[in-house]
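Below is one structure, written out as structure tokens; comments come after it.
Quick note: the coordinates plus some simple rules give every number you see, no bench work behind them. This one's a predicted model, so the numbers in the text were calculated from it and none came from an experiment. So basically every Cβ, Gly included, is an ideal-geometry build from the backbone, and we count neighbours across all protein chains shown.
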Amino acid sequence: MEKEAESRRKKEVLEKVGQVIASIKDAKHVDQVICALHSLALRLFPLDSHSLEGSVNEQYGEQLTSARLPDTHERDEWWKIFYKGPAFATLAKILLYDVAYDWLACLPISARMHVYDVFFLRGQAIKVVQKLVPCLQWRGSSDSDTRSVHSNAERLLVLCLLDNMGATQIARELSTYCEEDLPHEEIKQIISQVVQLLTSIPDKAQAGTPKALSSHVFFRHITAQLLAGAHEWDKLLDGGDHDDKNKLGGVMLLMGAAFARISRRGSADVLLSVVVPEIHKRVQSFLLQNSDIPIGEAFQSTPGLLFWLKMMESINDSYSLERMTEELLKQLAARNTGDIEAHWILWILFHQVYQKQASIRLSMFLEKFLLWKVFPSNCLRWILHFAVFQCSPENSSSVKACNLRILSETLQRLVTAWSKREFLQSTSIEQQAYITAAIGLCLEKMCKEDLDATKDAMHCILEGVSCRLESADHLIRKMASCVALAFSKVIDPQNPLYLDDSCREEAIDWDFGLLTPEKRSLDRPTNIDGDKGSSTKVAAKVVLNTISASSTHDNVKSKKKKPFGFESVDPDEIIDAASLNNEDNASETSESSNDSSLQPYDLKDDDADLKRNFSQLVDVIGALRKSDDPDGVDKAIDVAEKLVRASPDELKFVASDLARGLVQVRCSESTIEGEEESAEEKRQKAIVALIVTCPHESLSALNKLLYSPNLDVSQRLLILDVMTEAAQELANTRISRVRQRKALVSSMGDEAWFMPKPIGPPGAGPWKEISTPGTPFNWSHSYERELPSKSSQIKIGKTRRWSLHSAKPVNQLEWSQNKFPQYAAAFMLPSMAEFDKKRQGVDLLGRDFIVLGKFIYMLGVCMKCSAMHPEASVLASPLLELLRSREISHHKEAYVRRSVLFTASCILISLHPSSVAAALVEENSEISRGLEWVRSWALNISESDTDRECYTLAMTCLQLHAEMALQASRALESQESLHGSNKNSLPSNVLKGIIKIPSSSGGFLSAS
């Protein structure tokens, strides 16, 4: 009988739905649609028919109020049959499409709410979502029909899911399914379908959609509703409605599937912005209670909180779980969460999944989060305390409180990767600092017996420290010093090993300035006006300052260097060389000379009086060779620079011997302990003075010594440093000389290529270069000349000058601002010829990469000092060929790649645009190929290099290349204007625009 009654009831429901649909299709007036929908809604929901009287005419109002009201039992039966059978699906299709674009705009608000929206707001949420979401992608015969359906579906989704807590309602319905003993696989299939539809709503919403359906707002509401549904389900478990509390119910499966899909869609930050404050608030409340009950047990015994322990276990997608964990750690760090609070949050969320799933324990926490990812330093401590030490920070002071087995295995895994030289060369500085900090924190929790029990951790630690101490980067060496200190404290706590003065504090700073979020941001260079570095001068200044800092601070010992200013040198000045030794004590001697006969004479001072004062360079060279006389060596180093600056006649004959002696002398063996750095500085200044005063002879000796097997790394670095400083001093030295024409390395006529044309009115004087204030190099030169007076003028003539400086007399003394270009070839070419040859004790392409980086940096400085001179165009081709070699441009060490980028940038700065244009016109393929290689190589570095400084320098190099190409294209345009209509005189590749200028869209602009 019951089955027959149920079958009869289903038939009545279907017949009623059919009648309503027929009435809607036959309706001629909106009131007829309202009455038809009201007749069905009255049987499904408790409605007040009198509230619709004002929405229809009187004749239809009586029909509404006279309808029979069913009882509660009958209404419930109709509701179940309607939503669980095909009736709702059939009616929903008519409501969402036909009624939406035919009648919905005509429905009064009250009628729409009571007889239209009610079918969705009070219906079964799962069925409603399954019918509403597909409407967002429906396409009608006209745009107006499509917009009507879409806007109505979006409105109903906001009402059902957000205003009416639709996600919580779905969770309740899934709990009902579990009570009805619906098969588990069928429940999982329903959950998968519903979650897929829910999470796709922000993507399917069209332009102009309500803000509530945007991903960050919609997912935040859905997450909060799912947490509320899980809390409600948890209370039902505590009330005894379910026997098995360890079984994941439909609510937890729904939450896990939804969280996984939200994370997959890139909104893990939105999801955790709701979860983190809730769990943080719960943990804080338990910690403030100061109860003896552990927090884990307190969560299990508190009604409504058990679901937190199961939340991560309900997520089956390992990628989504990893993304959520990463975002959880970052948001906890952003909230300045304490170590104890963060540990218990991780324990509550991940304890069960950590114990049950080995893949999560090994793959995510112990491998990816320690070897692959980079988190702030406080997040690293939380990961270690939870996954490795497995104890709270408040109890971790004792070594015995930690899980020593997992600690030893983790340390072994970390140091095995950390000790490899390939890891040091290919990993970013942030990643190295992170793993170094992890190793140090693990070592601090171990004793010597624990370290002995590991397989080969000691050997790996020593190997890793050794290879890092050889690095050119000070920060890498500091990491090695910190690990060595922590290792020594484990081996012998009473005798710690201090390799760095900055590591003498009791607690080691494992942050290294890189694992704090505010310190890891990259500052973009700005110019004086505050704009981002877009101009050539700003970009050039940035690249020079960046590489100078990174190249000079990597020496074995940093030295304070005084900048060389403009100096005026008079070669005819007569200087008494013997007086240079007593220059500092001249005043003291003159004051006491008159009274010397009246003072008692101490015979013990005879030794000091008999000491010889050096007044000849030959004596200085002899003293430098006597290594058994440290006082003589020290005195020779003291006076060497002053004697060299005096420019004696014998200087050019003894310059080679003096250069060799100064390089080969050991200051540490001749000076008093603690004064080695002062002696090194004096020696370096003396060699710089020697190169500046006598370039050819001294450079010939230094270039031979550079690759000599008898020198060590520090001496080779000394040679490159003094050559760099000497080039800068020569470039900044002003000398007075008689004006004369000099032969240039590359000339295209009687006058230099950059000189103005000797055309003008009769009687015009010759052109003279004038000083240009500002930067040491410019894209163009400035000149002035005297012009004769006009016929109407009484005066004989006057000088017209376009400058801020006074005019220079013709054919008299002139000032030269840069002495370096004439010596540039002597600085660069000999050392470039043999750099790649492997000799005894010399291997620049292998072991001696620090010397290689410094050598390339020196070449870049030489190019910068030759900027805007014709010598730069000649030397650029062989230098570009050197940089293009794979051993150089793709070197494993980031230090070398930084130097290459710096030198490439200096080449771009030093080449005059007109010389680049001339090379293209003359079809000089070496320059064009080299410059195109610089662009493509810098682009590749900016996209793939792991070193942050290399990325910054590569971007600046691309900026300089674009500016150079633009200036060269303008020079080509001027060439075309000079040729007039005869464009056939220009090569075809120039006419086609061979110069490539990178654009913001990633393509190239034609420069012709």
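With a cap of 14 neighbouring Cβ atoms within 10 Å, and only residues DSSP puts in a loop, list the trypsin sites (Lys or Arg not before Pro) found in segment 92-144.
Those that pass, being in a loop and sparsely packed, are Arg139.
Which peptide among 957-970, 466-479 comes first, and what is the full order, when sorted by highest mean count of other Cβ atoms within 10 Å?
Per-residue Cβ counts within 10 Å, averaged per peptide and sorted highest first, yield 957-970, 466-479.
With the cut-off at 19 Å, report for segment 914-978 the share of all Cα pairs above it, as a whole percent.
The share of Cα pairs beyond 19 Å in segment 914-978 comes to 40 percent.
Suppose the Debye formula is applied to equal point scatterers at every Cα of segment 1-123; what is log10 I(q)/I(0) at q = 0.10, 0.18 Å⁻¹?
-0.29, -0.94
Within 10 Å of each candidate Cβ there may be at most 16 other Cβ atoms; applying that plus a DSSP loop requirement, which trypsin sites (Lys or Arg not before Pro) in segment 53-88 survive?
Counting only loop positions with at most 16 other Cβ atoms within 10 Å, the trypsin sites (Lys or Arg not before Pro) in segment 53-88 are Arg68.
Can you tell me the order of 324-337, 716-729, 194-207 when each peptide is scored by its average per-residue count of other Cβ atoms within 10 angstrom, highest first?
Values: 324-337: 18.9, 716-729: 23.4, 194-207: 17.4.
Taking the mean over residues of other Cβ atoms within 10 Å, the ranking is 716-729, 324-337, 194-207.
Beyond 19 Å between alpha-carbons counts as too far, so tell me which of Lys768/Lys819; Lys310/Lys356; Lys281/Lys445; Lys420/Lys448; Lys11/Lys188 fall in that bin.
Working: Lys768/Lys819 17 Å; Lys310/Lys356 12 Å; Lys281/Lys445 31 Å; Lys420/Lys448 23 Å; Lys11/Lys188 31 Å.
Check vs 19 Å cut-off fails for Lys281/Lys445; Lys420/Lys448; Lys11/Lys188.
For the residues His912, His351, what sequence is obtained by ranking on other C-beta atoms within 10 Å, fewest first?
Working: His912 25, His351 18.
So the ranking, lowest neighbour count to highest, is His351, His912.
Counting other C-beta atoms within 10 Å, which of Asp234, Asp638 has the fewest, and how do the rest follow?
The order, fewest Cβ neighbours first, is Asp638, Asp234.
Ranked from highest to lowest mean number of other Cβ atoms within 10 Å per residue, what is the order of the peptides 159-168, 489-498?
Working: 159-168: 20.1, 489-498: 12.7.
The most tightly packed comes first, giving 159-168, 489-498.
Measuring from centroid to centroid over Cα atoms, what is the spacing of segment 347-361 and segment 466-488 in Å?
35
Tell me, Trp233, Trp510 in order of fewest to most beta-carbon neighbours within 10 Å?
Ranking Trp233, Trp510 by Cβ neighbours within 10 Å, fewest first, gives Trp510, Trp233.
When a/c reaches 1.5 or more, the comparison of a/b and b/c decides; with that in mind, is segment 189-340 rounded, prolate or oblate per its Cα gyration tensor?
oblate
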